[in-house]
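Accompanying notes for the structure given below.
The values are calculated or read from the model by the stated rules, or taken from the named source; none is laboratory data. Keep in mind the model is a prediction, meaning the values are calculated, not measured. Note that we place each Cβ from the backbone using ideal geometry, even for glycine, and neighbour counts take in every protein chain shown. Heavy atoms of the whole protein, side chains included, go into the accessibility calculation; ligands, DNA and RNA do not. Shrake-Rupley method; radii C 1.70, N 1.55, O 1.52, S 1.80 Å.
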Amino acid sequence: MTARNRELTNLLVVGLITGLGFASVYIAGRDQISAGSLSYAAFFLGLYLVAHVVARIAVPYADPYLLPMVALLTAVGLTLIYRLNPDDAFRQGLWIVVGVAAFSGTLLALRGDYRRLESYKYLFGIGAIVLLALPAAPVIGKEVNGARLWVDLGPIQFQPGEFAKLALIVFLAGYLREKREVLAQGRVKDYGPLLLIWGGAMLVLVQTNDLGSALLYFGLFLGMVYVATARLWPVLTGLVLFVAGAAAIYQVVPRVQSRIAVWLDPWSDPQGDAYQLVQSLYSIANGGFGGSGFGRGTFTGTGGNPLIPHLNTDFIYSALAQELGLVGASALLLVYMVFVLRGFRTALLAGDGFSKLLAAGLTFTFALQTFIILGGILRLIPLTGITLPFVSYGGS
């Protein structure tokens, strides 16, 4: 079986799983199957079949498992969001359409040779800083839950940091490919443009109070430098600087102090700052081994108020753990792990330095973002506002 046929087969399986998931949610609430609910699954499958056709045309030898795994993660997220709020699921479906269209357009536009992106690396670097600075701008910048992450342009609201992340990866891949030999020698002057772009990004992130993304970008920077140079000293130096910077920020930013206190002892203030995390932990514990089943979890109080604020964005994993239990939550983590494995395999098989660094950077950032949000939910690290890739509600 060819790679593209394996991809098609896996997508059909994902479509079947999606249909069963929507049917389970609808039966749990109304004791019958609705054609309307199953239309979500049919629409979803058709959308990803379009993406598959584009992949056949533009990248016939691409990894056959990445697209089906993304489809599966998106399906899980869409099903959970539909279960929590059908109106949000409709909007999520529209954003998936936009995402698949962007995916298809990118493949077709770069079909000739995507490596020409390397020629514009400095534009990507500067563009990343501009995008990160947009939420801090007056009028269009919008603060949500203490962090300025959003840009509000009337009918359109988005998080420019999600796009800045991709631009910064392209910049780092291009610059590190060009300078990796001299960077390996350890001369400080060769790190100048890198430190300038990275330092600007860090300052903007701290100014916008988006410290979760600051951690993500910091890890991305160190990870790609290590991949490019195979030297541990930049990573160790960066970790020392991170510890020192984190200690300094802790002293002056009350929001960081609150997050650390909640992480160390959430039970000291379960009805205050730690309320969201405590309710999330209860939700995960209530799932047990097998879960309550799709559509049968308890996420609202007797008055209809949500037990976990921002459940479909920051804490959607808690909802999944309650309804699918340890088995389902672990299965989701395995999908993420296999996705990362295939991503790094792609980096190893790439034939040139830019492609290797680009694939490694994208994969490492995906893995780190997943760890940061899940680690916060499970109390392994302090909680941040980063969302779970492809699963959480949101268009950016």
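Here are some notes:
- Residue in the stretch 210-217 that is under 21 Å from L166 (Cα atoms) and in a loop (DSSP other than H, G, I, E, B) present: yes
- Scope the stretch 369-384; condition open to solvent by less than 40 Å² (accessible area, probe 1.4 Å) and either at pLDDT 95 or above or farther than 28 Å from Y120 by Cβ (or both); matching residues: T370, I372, I373, L374, G375, G376, I377, I381, P382, L383, T384
- L132 fulfils the conditions (1) surrounded by fewer than 20 Cβ atoms within 10 Å (Cβ to Cβ); (2) of a type in the set (A, V, I, L, M, F, W, C); (3) touching a helix residue (DSSP H, G or I) at 6+ places or on another chain (Cβ under 7 Å) except for a single criterion, (1).
- Scanning the stretch 320-339 for residues that are open to solvent by 20 Å² or more (accessible area, probe 1.4 Å) and in contact (Cβ under 8 Å) with a residue 12 or more places away in the chain yields a count of 7.
- Qualifying residue in the stretch 139-147 (condition: under 21 Å from the mean Cα position of the chain (by Cα), at positive phi and open to solvent by less than 80 Å² (accessible area, probe 1.4 Å)): yes
- Unique residue being of a type in the set (A, V, I, L, M, F, W, C), in contact with a Ser or Thr (Cβ under 7 Å, 6 or more places away or on another chain), part of a helix (DSSP H, G or I) and modelled with pLDDT of 90 or more when the list is A55, A51, A71, A41: A51
- Residue tally, condition over 19 Å from L67 (Cβ atoms) and loosely packed, with under 15 Cβ neighbours inside 10 Å, over the stretch 340-356: 3
- Extreme residue, most open to solvent (accessible area, probe 1.4 Å), among residues of the stretch 58-68 that are in a helix (DSSP H, G or I) and touching a residue at least 60 places away in the same chain (Cβ under 8 Å): L66
- R116 meets the conditions (1) in contact (Cβ under 8 Å) with a residue 12 or more places away in the chain; (2) under 27 Å from H52 (Cα atoms); (3) open to solvent by 90 Å² or more (accessible area, probe 1.4 Å); (4) of a type outside the set (G, A, S) in every case but one. The failed one is (1).
A quick yes/no check of all residues on (1) of a type outside the set (D, E, K, R); (2) modelled with pLDDT of 75 or more; (3) assigned to a helix (DSSP H, G or I):
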{"site": "A167", "(1), (2), (3)": "yes, yes, yes"}
{"site": "F171", "(1), (2), (3)": "yes, yes, yes"}
{"site": "Y175", "(1), (2), (3)": "yes, yes, yes"}
{"site": "R180", "(1), (2), (3)": "no, yes, yes"}
{"site": "K189", "(1), (2), (3)": "no, no, yes"}
{"site": "G199", "(1), (2), (3)": "yes, no, yes"}
{"site": "L203", "(1), (2), (3)": "yes, no, yes"}
{"site": "V206", "(1), (2), (3)": "yes, no, yes"}
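- The set of residues in the stretch 84-108 that are without any contact (Cβ under 8 Å) to a residue 12 or more places away in the chain and of a type in the set (S, T, N, Q) contains only T106.
- Among the residues of the stretch 346-368, at least one is closer than 27 Å to G290 by Cα, at pLDDT 95 or above, in contact with a helix residue (DSSP H, G or I) (Cβ under 7 Å, 6 or more places away or on another chain) and not aromatic (F, W, Y).
- Matching entry among Y282, Y317 (being open to solvent by less than 50 Å² (accessible area, probe 1.4 Å), at pLDDT 80 or above and among the hydroxyl-bearing types (S, T, Y)): Y317
- Looking only at residues in the stretch 77-104 that are open to solvent by 30 Å² or more (accessible area, probe 1.4 Å) and among the aliphatic types (A, V, I, L, M), the one that is farthest from E7 (Cα to Cα) is L84.
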